[in-house]
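Read through the structure below, which is laid out as structure tokens, and then see the notes.
The values are calculated or read from the model by the stated rules, or taken from the named source; none is laboratory data. Predicted model, so just to flag it, every value in this text is computed and none were measured. Cβ: placed from backbone, ideal geometry, glycine included. Neighbour counts: every protein chain shown.
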Amino acid sequence: MALIDALQDASLYPHPVTGFTLLETHISWVLLTGPYAYKLKKPVNLGFLDFSELAQRRHFCDEELRLNRRLAPRLYLEVVAIGGTPEAPRLGAAGTDSGEAAIEYAVKMRQFEPEDQLDRLLARGELEAGYIDRLAQVVAGFHGRIAAAGPEQAFGTPEAVHAPVRENFEQLRRADACLGEAGELTGLDALERWSEASFERLRALFAARKAEGFVRECHGDMHLRNMVLIDGEVVIFDCIEFNENLRWVDLMSEIAFVDMDLRDRGRPDFAQRFVNAYLERTGDYAGLALLPYYRAYRALVRAKVAAIRLTQHDLAADETQAVHAECRGYIELAQSFTAEHRPLLIITHGLSGSGKTTYSQRLLEATRAIRVRSDIERKRLFAVAAADHASQTVGAGLYSREAGEQTYARLGALASDLLAHGFDVIVDAAFLERERRERFHALAREAGAGFAILACEAPASLLRERLAQRQASGRDASDAGLAVLEHQLQTAEPLTADERGAALTLGPAHDGAVDDIIAALQARREPAPAPGG
């Protein structure tokens, strides 16, 4: 294109240019200059987007700036009008007193180092767990402040939610029919039946989520390739500006995209860490019922894109084989999200500082469990920020007997709902009273779930040392201090002989490998043998 060629002239720019690199996709050109990048939209109409007219390209440049500034204000700078002619363009000349008309528009962005994108960091083994926590914090904050769809808007209605799911299967089959012997996109019929059954089962919840404000103007394309580390902070960029139906979605659909992408890249531990960290910040445990549905949908979108590429005739043989494997891989990933199993309820048991949260974090990353923490839910229940520290007075305020009962009731309700939807659950709480342990054991029996106690132990001297360090750091949601610990040491009801025989014990004296604990937990998942069996 003449304009793109002509723009590769350093004299046109009001800043130093260290060189030009052109990146091209099916919908845009991105011209890298060194300090800044300029993104121009191609004059195309692909059905799901329409950039065919200049006015439309201007509108969507403005939208790209508006929407991406929500998450990346330091990257997205301005929309630049391009005047002159395609062969002799002038940046920023249009719209001046000269009355010159624009011939094109570009979004000007601050350039970053591509090697700092999260997908590349992960591929090099440099994506640290702390960045996943920061990502969850960024996404939770973003979701908390973006606009919600009103009742007059069609976004998020059950029909609007399921339409693209059905479309995926139609497009996958059309692509497969064009492939002849190379097709073999097996498993679609079973996936489609599961998707239809899930939709009917969840229809009322989709409608409720819309009514309760969980359908919002999201990013729409939130995966690791659209995230970058800048000055130690995770920055999310390149949201969907061209199709509002792909952007106005349930918050859990966006979470499912990140989750699916991490799993596809071989890091289910990071996926578990991300989802759990997000939930601790937002409390949106009710939305988890939708997570398997949206995970499968997001995986099949990727499968569809790969299948469409397979229908192109300009792929080399090795490319065809690779893309076909990619397509099959995403279908298999979607199938994995439909698997059912007997859920498992795990409660922790231990004094403050005994490692309950540390050990349960390791377990949730190594399994598929969702954790609910008493320290977090107690404060959420009483509208106290997790980072704020309440009075440590034993038996008063947030730590009165009544507040404790309300907290355990909330933990029980959350666990019951999650078990009903097939999730394994870890309840991270002290459980120092036998009656509370028995109550949750009964809850597991009622849900038909397996049950386990993760007993965390440490010497009193080590507990005191840990609590002093934790209080000094001020980074944990727990308010427990030495006074709380001394009270617990005097009043805790130890595990009974039956409980101890069934407990899985961790601590400095017997810090069993996580793999051994997981194997033991799997045994607890299996139904008890029938009498006489």
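Per-structure values
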read-out: Test: residue in segment 134-154 that is within 26 Å of ARG309 (Cβ to Cβ) and in contact (Cβ under 8 Å) with a residue 40 or more places away in the chain; value: no
read-out: Restricting segment 26-83 to residues that are of a type in the set (S, T, N, Q) and under 14 Å from PHE237 (Cβ atoms), the residue that is farthest from the chain's Cα centre (by Cα); value: SER28
read-out: Per-region count, segment 339-365, residues in a helix (DSSP H, G or I) and either in contact with a Pro (Cβ under 9 Å, 6 or more places away or on another chain) or over 30 Å from ALA502 (Cβ atoms) (or both); value: 1
read-out: Failed condition for VAL161, given (1) in contact (Cβ under 8 Å) with a residue 60 or more places away in the chain; (2) in the same structural domain as TRP248 (by TED's automatic domain parsing); (3) out of contact with any strand residue (DSSP E or B) (no Cβ under 9 Å at 6 or more places or on another chain); value: (3)
read-out: Residue satisfying all of: in segment 497-533; farther than 16 Å from LEU344 by Cα, part of a helix (DSSP H, G or I) and at pLDDT 80 or above; farthest from the chain's Cα centre (by Cα) among these; value: ALA497
read-out: Residue match in segment 88-104 (condition: within 27 Å of ASP231 (Cα to Cα), without any contact (Cβ under 8 Å) to a residue 40 or more places away in the chain and out of contact with any helix residue (DSSP H, G or I) (no Cβ under 9 Å at 6 or more places or on another chain)); value: no
read-out: Condition met for ARG309 (surrounded by 24 or more Cβ atoms within 10 Å (Cβ to Cβ), among the basic types (Lys, Arg) and either touching a helix residue (DSSP H, G or I) at 6+ places or on another chain (Cβ under 7 Å) or within 24 Å of HIS223 (Cα to Cα) (or both)); value: no
read-out: Odd one out for PRO494, checked against (1) exposed (fewer than 13 other Cβ atoms within 10 Å of the Cβ); (2) at pLDDT below 80; value: (2)
read-out: Residue that is modelled with pLDDT of 95 or more and within 16 Å of GLY283 (Cβ to Cβ), where the choices are ARG436, ARG410, ARG445; value: ARG410
read-out: Hits in segment 53-65 (condition: surrounded by 13 or more Cβ atoms within 10 Å (Cβ to Cβ) and either part of a loop (DSSP other than H, G, I, E, B) or touching a residue at least 40 places away in the same chain (Cβ under 8 Å) (or both)); value: LEU54, ARG57, ARG58, PHE60, CYS61, GLU63, GLU64, LEU65
read-out: Qualifying residue in segment 318-338 (condition: outside any helix (DSSP H, G or I) and modelled with pLDDT under 95); value: no
read-out: Residue within segment 234-243 that is under 23 Å from SER336 (Cα atoms) and either free of Cβ contacts under 8 Å to residues at least 40 places away in the same chain or buried (at least 23 other Cβ atoms within 10 Å of the Cβ) (or both) present; value: no
read-out: Selection status of ILE426, under 21 Å from ALA289 (Cα atoms), at pLDDT 85 or above and β-branched (Val, Ile, Thr); value: yes
read-out: Single residue of ALA148, ALA101 found to be touching a Gly at 6+ places or on another chain (Cβ under 8 Å) and at pLDDT 95 or above; value: ALA148
read-out: Any chance ARG70 is modelled with pLDDT of 95 or more, more than 23 Å from GLU100 (Cα to Cα) and surrounded by fewer than 14 Cβ atoms within 10 Å (Cβ to Cβ); value: no
read-out: Cβ pairs under 8 Å, 6+ apart, first in segment 303-327 and under 21 Å from VAL165 (Cα atoms), second among the polar types (S, T, N, Q); value: ALA303/ASN168; LYS304/ASN168; LYS304/GLN171; ALA307/GLN171; ILE308/GLN171; LEU310/THR320
read-out: Qualifying residues in segment 465-485 (those that are surrounded by 15 or more Cβ atoms within 10 Å (Cβ to Cβ) and in a helix (DSSP H, G or I)) - the one modelled with the lowest pLDDT; value: GLN471
read-out: Members of segment 66-88 found to be in a strand (DSSP E or B) and farther than 30 Å from ALA136 by Cβ, listed by number; value: GLU78, VAL79, VAL80, ALA81, ILE82, GLY83, GLY84
read-out: Residue count for segment 22-52, restricted to those that are of a type in the set (Gly, Ala, Ser) and in a strand (DSSP E or B); value: 2
read-out: Condition met for GLN321 (of a type in the set (S, T, N, Q), assigned by TED's automatic domain parsing to the domain that holds SER253 and either under 30 Å from LEU205 (Cβ atoms) or out of contact with any strand residue (DSSP E or B) (no Cβ under 6 Å at 6 or more places or on another chain) (or both)); value: yes
read-out: Condition check for THR96: among the polar types (S, T, N, Q), at pLDDT 95 or above and farther than 28 Å from GLY141 by Cβ; value: no
read-out: Residue within segment 259-266 that is in the same structural domain as ALA129 (by TED's automatic domain parsing), over 30 Å from THR407 (Cα atoms) and not in a helix (DSSP H, G or I) present; value: yes
